[in-house]
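A.B. asks: Before I ask anything, let me first share the structure, which is written out below as structure tokens.
The values are calculated or read from the model by the stated rules, or taken from the named source; none is laboratory data. For clarity, every value in this text was computed on a predicted model and none was experimentally measured. Note: ideal-geometry Cβ built from the backbone for every residue, glycine included; neighbour counts use all protein chains shown. Keep in mind that these areas ignore ligands, DNA and RNA; they rest on the heavy atoms of the full protein, side chains included. Shrake-Rupley method; radii C 1.70, N 1.55, O 1.52, S 1.80 Å.
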Amino acid sequence: MTANGLGHEKGQTKILLVGEYSMVCAGLAQLINQEPDLSVCGQAENSRETFDAVATLKPDLVIATISLKGSIGIDVIKEIKLWYDGLPVLVLSVDKESLYAERVLRAGARGYILGMEAPDKLILAIRRVMKGEVYVSEQLSERMLQKYIYSGRNKPDEPCADNLTDRELTVLQLLAQGYKRQEIAARLNLSAKTVDTHHAHMQKKLGLKNSTELRKYAVQWIMSREGDAQPRTVSV
């Protein structure tokens, strides 16, 4: 955990930055500190540091940068919601994906913005969230609305990733990127046996026969959701 050495003026909104990407956090801090009523009070790189920082620094807002390559994700948001219900969380997605927008909002986040957004959009999101509103990037809100409109048009027996848990969805996307069970276990801090259990549950929910079909489904699924996704070479 690192704390901002600068003092905070009375009336400023104190913001804690959470994420494993030091350059991203440094850029966010520089942008935020330019606003007279906003101030970055500290940074945290993992879940333990996050809760230590929240308890010590008492921020008014948490901005969490998330990516499948890191350990900061939906579980951390749920924990913040559980222990600090009045503390708003704004999620900034480092990747160019929108797969978790709905899930992080259900987990308790008050906003979701893509890292590719213009800087003024982030400031707008901060101000909206601090007013008690929910902020979602415009392109994501349109996509979510379209999904809601067409949600009932799938065939009843058609496999649907929406039925997966948050952790299973994460495993599915890592499979789509070509990661093997040992790599997934390491990235998610799980045992290989637990990953195998997630595989079995996903196969059952999706009506698939084996791990080969699951991996093929994962690649097809992510390509259908994200046109700019670039999965790694798939090896079974």
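A.B. asks: Residues that are of a type in the set (A, V, I, L, M) and at pLDDT 80 or above: does region 148-162 have at least one?
C.D. replies: no
A.B. asks: Between residues in region 127-153 that are at negative phi and residues that are basic (K, R) and modelled with pLDDT of 65 or more, which pairs lie under 6 Å by C-beta distance while being six or more apart or on different chains?
C.D. replies: V129/R110; V134/R110; Y135/R128
A.B. asks: Within region 14-29, restricting attention to residues that are in contact with a Cys (Cβ under 8 Å, 6 or more places away or on another chain) and in a strand (DSSP E or B), which residue is farthest from K58 (Cα to Cα)?
C.D. replies: Filtering first and then ranking leaves L17.
A.B. asks: Take the residues in region 168-213 that are open to solvent by 70 Å² or more (accessible area, probe 1.4 Å) and at pLDDT below 90, then tell me which one is nearest to the chain's Cα centre (by Cα).
C.D. replies: The selected residue is R187.
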